[in-house]
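Notes follow the structure.
The values are calculated or read from the model by the stated rules, or taken from the named source; none is laboratory data. Here the structure is a predicted model, which means the values were calculated and not measured. Virtual Cβ from ideal backbone geometry, glycine too; neighbours counted across all protein chains shown. Just so you know, the surface numbers come from the protein's heavy atoms only, side chains and all, with ligands and any DNA or RNA stripped out. Shrake-Rupley method; radii C 1.70, N 1.55, O 1.52, S 1.80 Å.
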Number of protein chains: 6
Amino acid sequence: MYALTVRDRMMIAHSLPHPVFGPAQGLHGATYVVELTIRRAELGEEAFVIDIGEATTLLREALADLDYANLDDHPELAGTLTTTEALARFVADRVAGRLAGGPYAGLDVTLREHPDAWATYSRDL
Amino acid sequence: MYALTVRDRMMIAHSLPHPVFGPAQGLHGATYVVELTIRRAELGEEAFVIDIGEATTLLREALADLDYANLDDHPELAGTLTTTEALARFVADRVAGRLAGGPYAGLDVTLREHPDAWATYSRDL
Amino acid sequence: MYALTVRDRMMIAHSLPHPVFGPAQGLHGATYVVELTIRRAELGEEAFVIDIGEATTLLREALADLDYANLDDHPELAGTLTTTEALARFVADRVAGRLAGGPYAGLDVTLREHPDAWATYSRDL
Amino acid sequence: MYALTVRDRMMIAHSLPHPVFGPAQGLHGATYVVELTIRRAELGEEAFVIDIGEATTLLREALADLDYANLDDHPELAGTLTTTEALARFVADRVAGRLAGGPYAGLDVTLREHPDAWATYSRDL
Amino acid sequence: MYALTVRDRMMIAHSLPHPVFGPAQGLHGATYVVELTIRRAELGEEAFVIDIGEATTLLREALADLDYANLDDHPELAGTLTTTEALARFVADRVAGRLAGGPYAGLDVTLREHPDAWATYSRDL
Amino acid sequence: MYALTVRDRMMIAHSLPHPVFGPAQGLHGATYVVELTIRRAELGEEAFVIDIGEATTLLREALADLDYANLDDHPELAGTLTTTEALARFVADRVAGRLAGGPYAGLDVTLREHPDAWATYSRDL
């Protein structure tokens, strides 16, 4: 199995309105370093999983309306607890919608919120 | 599948008394950067694998009596070759004992001993 | 010259209301990885610049009311453009106030806002 | 499952003569940071997956004739598009040939070409 | 003193035709991770050393004709040993030419050629 | 001014027998990631501060009898509190003894003891 990973980031504000989150219930923010991994069993004639430029563009497009935004105001996230795990899935599903029907086995999205904590959502394609 | 990782560290002394270890047979030490990854298939209402604070506490408790210690004198490690692999399993099994019965699929513990070498132990829950 | 650096972080929301900042004029956020470096010409009997635990506490106290906050609402930052540079100075001056009169030559505070951009403020003590 | 990873690097020149690669069709180069992960289900009496020194030597030997070379002139790579994915497999298969018959479950080779892109090839043993 | 750093990269081929360079005399390559630091004594009304976007553009323009190139064929580098130190100065002087007359105190350019070696050139403005 | 940095590491055991060190008074250990920076005002015909291979060898030789050792038993460190700062100076002075009389302006030695703490000793040559 082959895997190709590209990395980008987004700088967001949000709050986590559930008592379990303690001080993170208030409005705060994060730089999420975002890694998108695409998996594929066999390569084609270009000898790549996906063109790095194309993967980078896919990831950027998936992050574009989240970056420099307050996620509490994002219409697609209304009523969603925007935890790192939930955002990883949100980004992964967006990318998956673009890759459907291609020669890919699956993908992972990792969001690193600070040097000591990160989350990943993995799914098949 | 979702995964959440938290990171901590421990600074230990130990020796590896088996001829295969060459200079590491003598007493030396290491900073182990420790990553604990917990996996879970579906999220609950809090939209997380586990609270980051709770995971951080679990990991800290698993490392507490190892950190700033000489592992050659640790009663639970008597007769154990404290290789990076063996320590990764020791920490993973400690954490697993605390997570048993929860909604988790598995966990990984990675110990990084220096920038060019690290080991992981992975297990189901 | 000796220097000791400790690292912490803060997760903040803020906006940068000046036209030069483009999309960062809106409310967004950042994880700032914060490095505090304290410089000292000669060591005392403890053979350190400052105790790592003490430096870590100093830095944490300087960040405590910024972490998990919306800086747009912080009373000491009213009317301040909270750029990375301005925040680095704000943190540095807070720490400097605590170190005044000690055996220190100066300090630096670096704030890393994402993997490709960071700022430092350096001052004498 | 246990896994042990060692890291090395190689500094190569190459070109990617296929129209999809845009500016990378010309002769350019890369520092590939190379990670070799070896997996094993159970440990032996030495309590390791493989000796770190032995794994480091295996990886170095697999990279030796690639490092400081122009891959366009490498006889074993004639007619190969030396993408990151293809090189990851080339290195992995070389190492696999040396580990055959041992107690190993599989291996992964990751090549990091810059901070924002890397590829992995994974195979059983 | 304030400092702002932005980071980019370039992937180049080159050779170092001097006997002291051993295997690096042949054609090989590197990913250079490039950090540009601009220093300034006092901030203006925008509260920054320089706009991050502007600094990023300056650095990209300084690297544009080096990236994905064979430096042995670059007209401005004919007869130059393109060591990491020499390239750091080349990039720094290019950027300095663009910043002349501005409110800046100096700049540093660091080129990281692999995880265990990097070089910096520092100059006043 | 030019600077060239090379990186190595050492894995040591030691104790810090002074009440200020709390739990670090007992025997424990560390992986020190060690960075040696050599500074030089102008380059010679080889266009480098120092050959990377030569700098790497100098650093390795300065660390050789510390690596995989218990510093409490090291004859040159008897009676020394082997703090990170003191070890940085010890390594720096060893390297300085080898570089004396050369075209160098100064050097820095940084020892990173874990991801959130490191110390540097800087001196002229």
remark   = Net charge near C:THR56 (other residues with Cβ under 11 Å of its Cβ; Lys, Arg +1; Asp, Glu -1) is -3
inquiry  = Over the protein assembly as shown, what portion of Cα pair distances is larger than 50 Å, expressed as a whole percent?
reply    = 10
request  = Using just the helices of chain E, give the 222 nm mean residue ellipticity in deg cm²/dmol: DSSP H runs with n ≥ 4 each add -39,500 (n - 2.57), and the total is spread over all residues, rounded to 500.
outcome  = -7000 deg cm²/dmol
inquiry  = Using the Cα centre of chain A as origin and beta-carbon charges of +1 (Lys, Arg) and -1 (Asp, Glu), tell me which of A:LEU99, A:VAL20, A:THR82 is placed farthest towards the positive end of the dipole.
reply    = A:VAL20
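In the range A:2-124, what percent of the accessible surface is made up of carbon and sulfur (1.4 Å probe, ligands and nucleic acids excluded)? Don't jump to the answer; show the numbers that get you there.
Values: 2150 of 4390 Å².
Exposed carbon and sulfur together represent 49 percent of the surface.
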query = Across peptide A:24-36, how many C-beta atoms of other chains are within 10 Å of each residue C-beta, on average?
reply = 6
request  = Provide an ascending nm list, one decimal, of label-point separations from C:PRO17 to the equivalent residue in each further copy; define each label point as 7 Å from Cα along Cα→Cβ.
outcome  = 2.3, 6.1, 6.2, 6.2, 7.0
ask   = Going by a 1.4 Å probe on protein heavy atoms, which residues of the range C:1-19 end up with at least 20 Å² less accessible surface in the whole assembly than in their chain alone?
value = C:MET1, C:TYR2, C:ALA3, C:LEU4, C:THR5, C:ARG7, C:ARG9, C:MET11, C:ALA13, C:HIS18
request  = Kindly express, to the nearest 10 degrees and within the range 0 to 90, the angle between helix F:52-63's C-alpha long axis and the longest C-alpha principal axis of chain F.
outcome  = 30
ask   = Once phi is turned into θ = phi - 60°, what whole-Hz ³J(HN,Hα) does the Karplus curve with 6.51, -1.76 and 1.60 give for every residue of the range F:4-11, x standing for Gly and Pro?
value = 10, 10, 10, 10, 9, 7, 8, 10
DSSP beta bridges in chain E [antiparallel fraction, %, rounded to 5] = 95
query = What are the distances, in nm and sorted shortest first, from the label point of D:GLY101 to the label points of the same position in each other copy, with each label point placed 7 Å from Cα along the Cα-to-Cβ direction?
reply = 5.0, 5.0, 5.5, 7.4, 7.5
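Quick one: dipole size for the protein assembly as shown, taken about the Cα centre, charges +1 on Lys/Arg Cβ and -1 on Asp/Glu Cβ, in debye to the nearest 20.
Dipole magnitude for the protein assembly as shown comes out near 0 debye.
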query = If you line up the long axis of helix B:84-99 against the longest principal axis of chain B, both from Cα atoms, how many degrees apart are they, to the nearest 10?
reply = 30
message = Ranking request for peptides A:50-56, E:108-114, E:16-22: highest mean number of other beta-carbon atoms within 10 Å first, then the rest in descending order.
response = E:108-114, A:50-56, E:16-22
task = Enter the accessible area of F:HIS74 (Å², nearest 10), with the probe set to 1.4 Å and all protein chains included.
result = 20
key: Complex-versus-alone comparison for the range D:60-102, residues with a loss of 40 Å² or more in accessible area, probe 1.4 Å   = D:TYR68, D:GLU85
task = Give the accessible surface of chain E per residue, rounded to a whole number of Å², with probe radius 1.4 Å and ligands, DNA and RNA excluded.
result = 36
task = Distance from a point 7 Å along Cα→Cβ of A:MET1 to each backbone N in the range D:86-125: keep the residues under 16 Å and list them by number.
result = D:89, D:105-110, D:119-125
Exercise: per-residue mean of other protein chain Cβ atoms within 10 Å, A:37-49 = 4
task = Could you let me know the centre-to-centre spacing of the range E:72-108 and the range F:67-121, using Cα atoms, in angstrom?
result = 33
note = Taking the chain alone as reference and the full protein assembly as comparison, with a 1.4 Å probe on protein heavy atoms only, the residues of the range F:107-125 that lose at least 20 Å² of accessible area are F:GLU113, F:HIS114, F:PRO115, F:ASP116, F:ALA117, F:TRP118, F:THR120, F:TYR121, F:SER122
query = Size of the dipole of chain E about the Cα centre, Lys and Arg at +1 and Asp and Glu at -1 on the beta carbon, nothing else charged, in debye to 20?
reply = 180
remark   = Inter-copy distances for C:THR57, label 7 Å out on the Cα-Cβ vector, sorted ascending, nm, one decimal, are 2.3, 4.8, 4.8, 5.0, 5.6
query = Using the Kirkwood radius built from alpha carbon pairs, what does the Stokes-Einstein equation give as D for the range D:43-125 at 37 °C and 0.692 mPa s, in µm² per second?
reply = 234
query = Whole-Hz Karplus ³J(HN,Hα) for the range B:115-125, in order, using 6.51 cos²θ - 1.76 cosθ + 1.60 and θ = phi - 60°, x for Gly and Pro?
reply = x, 10, 7, 7, 9, 10, 10, 10, 8, 7, 10
Chain pair E, F: total accessible area buried, heavy atoms, 1.4 Å probe, Å² = 1500
ask   = Using a ≥ b ≥ c from the Cα gyration tensor of the range F:1-61 (square roots of the eigenvalues), is it rounded, prolate or oblate, where a/c under 1.5 gives rounded and otherwise the larger of a/b and b/c decides, a/b for prolate?
value = prolate
